Amino acid sequence: METIAFLGATGGCGLAALARSLTASHPCVALCRNPSRLTTSLAALYPSAPTANLTIIEGNAHDASAVSRVVASPTDPTRLVDIVIFSIGNRPELKTMVNMDPTVCERGMTTLLSVLDDKVKSTTGSVAARHPHIVALSSTGVGAHGRDYPVLLTPVYMMLHTPHVDKRRMEDTLKASRAGPWTIVRPSLLKDGDLQGEAAKGKGKDIRVGVEDLVKDEVVSREVGYFITRDDVGKWIYENIVAGTSRGEYDGKAVSLTN
């Protein structure tokens, strides 16, 4: 089973991907500042997800020593994990906007890439030297190929200027790095879903997917929508990157997700 590291697992999207990965018996390691918050959220929202394969490391995503521990495989510390799901960021609520860290994503990605580069260099010639597949959570509204959200949401996206600048710089940092493979996920506005309702029964709304090729700098397909649930974002990441046989299809791509 492939091993997976999570930076930002307490957020809804990362948590949803973590729960599905644990249910499928993947060894997972999660970095979080408050471990009890992660275990509480996991038990409350995904009570059937087993935790036997979960290793939690207390720390900050801007701390290289903590990140170094989280990207080491929980089954073999001499090797790197197979996948890193990077979903740290500011939760865009009006009451917390004044307290947000305007560079949280950019600095987190810079730290992650620096740690991975150091580890790869130290294991040159070894199977452990392979870079993990990085999945970075971004947002619609940061792409370079025109508006990818409904025009009615323009005022909302203007309010999100600061976190979107941070997401754009995070994307640029990843694209300019030597890391690979990687996939950027850009959901539309996030909302909480009824996990015990229709979505849990497989009757939730379809996930519509747009694709931008960041290597060729072109739009492959476009989907525009208002909202998507955090659970659906985590579901898409798990099904298409973690468990998906077509993972390579999204290498070097930015994927927009909406319901």
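The values are calculated or read from the model by the stated rules, or taken from the named source; none is laboratory data. Keep in mind that this is a model prediction, so the values were computed, not measured. Because the Cβ atoms are built from the backbone with ideal geometry, glycine has one as well, and the counts that use them run over all protein chains shown. Please note that ligands, DNA and RNA were not included when accessible areas were found on the heavy atoms of the full protein model with its side chains. Shrake-Rupley method; radii C 1.70, N 1.55, O 1.52, S 1.80 Å.
Remark: relative contact order (the chain) = 20 percent; criterion is Cα-Cα distance under 8 angstrom and separation of 6 or more residues. Residues in the chain average 47 Å² of solvent-accessible surface per residue, probe 1.4 Å, ligands and nucleic acids excluded.
GNM remark for the chain: springs join alpha carbons under 10 Å apart, and the peak mean-square fluctuation among Ala17, Ala66, Ala144 falls on Ala144. Taking amide H as placed 1.01 Å from N in the peptide plane, the amide H of Val135 sits under 5 Å from that of Val84, Ile85, Phe86, Thr183, each at least 5 places away or on another chain.
Which pairs break 29 Å Cα to Cα here: Lys119/Lys191; Lys191/Lys216; Lys121/Lys235; Lys175/Lys205; Lys175/Lys235? Check vs 29 Å cut-off fails for Lys119/Lys191; Lys191/Lys216; Lys121/Lys235; Lys175/Lys205. Extension gain for Thr75-Ser122 works out to 15.0 nm (0.36 nm per residue, less the C-alpha to C-alpha distance).
Report, to the nearest whole %, how much of the accessible area of the chain belongs to carbon and sulfur atoms, 1.4 Å probe, protein only.
51
Only Lys, Arg, Asp and Glu carry charge here, each on its Cβ (+1 for the first two, -1 for the last two); on that basis the chain has a dipole of about 180 debye about its Cα centre.
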